[in-house]
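Below is one structure; the comments refer to it alone.
The values are calculated or read from the model by the stated rules, or taken from the named source; none is laboratory data. If you're wondering where the values come from, they're calculated on a predicted model, not measured in any experiment. All Cβ positions, glycine included, derive from the backbone under ideal geometry; neighbour counts span all protein chains shown. Note: areas computed on protein heavy atoms with side chains; ligands, DNA, RNA excluded. Shrake-Rupley method; radii C 1.70, N 1.55, O 1.52, S 1.80 Å.
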Amino acid sequence: MLKQDCILEIKNLNVKFPAEKKHIHAVNGVDLKIKPAETIGVVGESGCGKSVTLFSILRLLKSPPAIVEGRILFQGRDILKLRENELYTIRGKEVAMIFQEPMTSLNPVMKIGNQIMEALIIHEKLSKAEAVKRTIQLLELVEIPDAKNRIWNYPHQLSGGMRQRVMIAMALACKPKILLADEPTTALDVTTQAQILELLKQIKKSLNTSIVFVSHDLAVVAEIAEKIVVFYAGKIVEESTTVSLFKNPVHPYTKALFGCMPLLNTDSERLSVIEGSIPDPTDLPTGCVFYPRCKYSIKECSEKEPKLSNIDNDHRVACHRAMGEII
């Protein structure tokens with residue numbers, strides 16, 4: 001049974017896609033718990049399994065070809081075992097998603113108001129008049145000016161920042177318990193990005209919604225998340241509170257990510273880089289997936305896969321060296 005302090009729990013999630021005589025291992029044994037009203041940041045390089053994990057939660061991966069194994073428990077129900085009609089009651093209503101690029105996620109030939117109203121009419125059983133009123137309220141909630149008129153705009157008539165706000169309004173339409181945000185600020189300028197982050201924080205506070213915020217940018221995640229999960233090659237390599245992770249990153253990959261961040265209080269003219277590249281997902285190395293790029297690796301790293309283990313309260317890491325000594 002799902003623990004009461006946990007609204008969603010992912011257990012040993014594995015996602016594979018068929019390739020020529022092999023499989024692409026996109027997600028490898030991910031375990032993650034999400035508490036009510038908690039914001040979790042998920043970070044890592046492109047291709048490390050962040051978005052695939054989010055898509056798996058809502059079963060948005062076409063299967064086949066995707067092979068999804070493990071358990072995803074939402075309030076005690078395994079999402080991966082639900083029938084389509086049962087999933088229909090959860091997707092969009094209990095668990096909603098904000099996609100990365102709103103211009104490709106919104107229907108270009110449908111007015112934004114009608115796109116938001118669709119969920120309200122289907123899930124909340126509102127009349128057209130009630131749906132219009134609620135949609136205007138949602139657009140006002142996400143701070144879109146002149147919402148009464150904007151409701152009848154097409155996506156191309158809005159700026160990038162406003163389209164993202166529409167996506168957020170659509171995701172919030174049925175007051176979901178969990179909001180999945182797949183790099184929602186990546187395509188936005190810095191000012192708009194800050195506004196969207198502040199908006200999400202306000203929404204979490206007012207609606208008591210849990211948020212899973214995916215990004216490749218540690219600085220952005222630090223603005224919104226209480227806890228950060230670091231992905232590498234489809235695995236979680238470190239998990240900690242935001243304060244603890246920024247104060248004491250332990251895994252060599254996490255430390256390398258921090259080394260790539262531009263800082264104002266330095267005289268260095270060059271950023272650090274992580275040598276090498278992410279391993280081929282059809283041919284992952286034995287042992288630790290990061291050891292071919294790790295300057296701290298020892299013989300054990302190439303032979304035995306490290307387990308995600310506690311090194312402190314609310315701080316877990318998958319690293320042989322870290323379990324013996326802090327690197």
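If amide hydrogens are placed 1.01 Å from N in the peptide plane, which non-local residues have theirs closer than 5 Å to the one on residue 29?
13, 14, 15
With contacts defined as alpha carbon pairs under 8 Å and 6 or more residues apart, what's the relative contact order of the chain in percent?
Working: 582 pairs, mean separation 66.0, N = 327.
Answer for the chain is 20 percent.
Tell me, what is the FRET efficiency for residue 143 and residue 275 to the nearest 0.05, using R0 = 56 angstrom and their Cβ-Cβ distance as r? All intermediate terms of the calculation are to be shown ahead of the outcome.
Values: r = 43 Å, r/R0 = 0.77.
Taking R0 as 56 Å, the efficiency between residue 143 and residue 275 is 0.80.
Need the C-alpha centroid separation for segment 100-122 versus segment 137-178, integer Å.
Distance between centres, Cα-based: 9 Å.
By average Cβ neighbour count within 10 Å, what is the ranking of 182-194, 119-131 from highest down?
182-194, 119-131
Rolling a 1.4 angstrom probe over the protein heavy atoms, how many square angstrom per residue are accessible across segment 1-94?
51
If each of residue 286 and residue 248 carries a label point 7 Å out from its Cα toward its Cβ, how far apart are those two points in nm?
3.4
Using only the alpha carbon atoms of the chain, find the Kirkwood hydrodynamic radius as the inverse mean reciprocal pair distance, in angstroms to one decimal.
Hydrodynamic radius (Kirkwood, Cα pairs) of the chain is 21.0 Å.
Which distance in nm do the two modelled labels at residue 35 and residue 67 give, with both placed 7 Å along the Cα-to-Cβ direction?
3.7
Starting from the Cα-Cα distance between residue 296 and residue 258, subtract it from 0.36 nm times their residue separation and give me the gain in nm to one decimal.
Result: 12.1 nm gained on full extension.
So in the chain, what percent of DSSP beta bridges are antiparallel if you round to the nearest 5?
The antiparallel proportion sits near 65 percent.
Given a 1.4 angstrom probe, what's the average accessible area per residue across segment 114-161, in square angstrom?
Per-residue value: 54 Å².
Under the rule of -39500 (n - 2.57) per DSSP H run of 4 or more residues, summed and divided by the residues of the chain, what mean residue ellipticity at 222 nm is obtained, to the nearest 500 deg cm²/dmol?
On the way: 12 runs with 104 residues, N = 327.
One gets -9000 deg cm²/dmol as the mean residue ellipticity at 222 nm.
So if each residue of separation counts as 0.36 nm, and I subtract the Cα-Cα distance between residue 130 and residue 85, what length gain in nm does that give? Walk me through the numbers before you get to the answer.
On the way: separation 45, 0.36 × 45 = 16.20 nm, distance 2.51 nm.
Full extension from residue 130 to residue 85 adds 13.7 nm.
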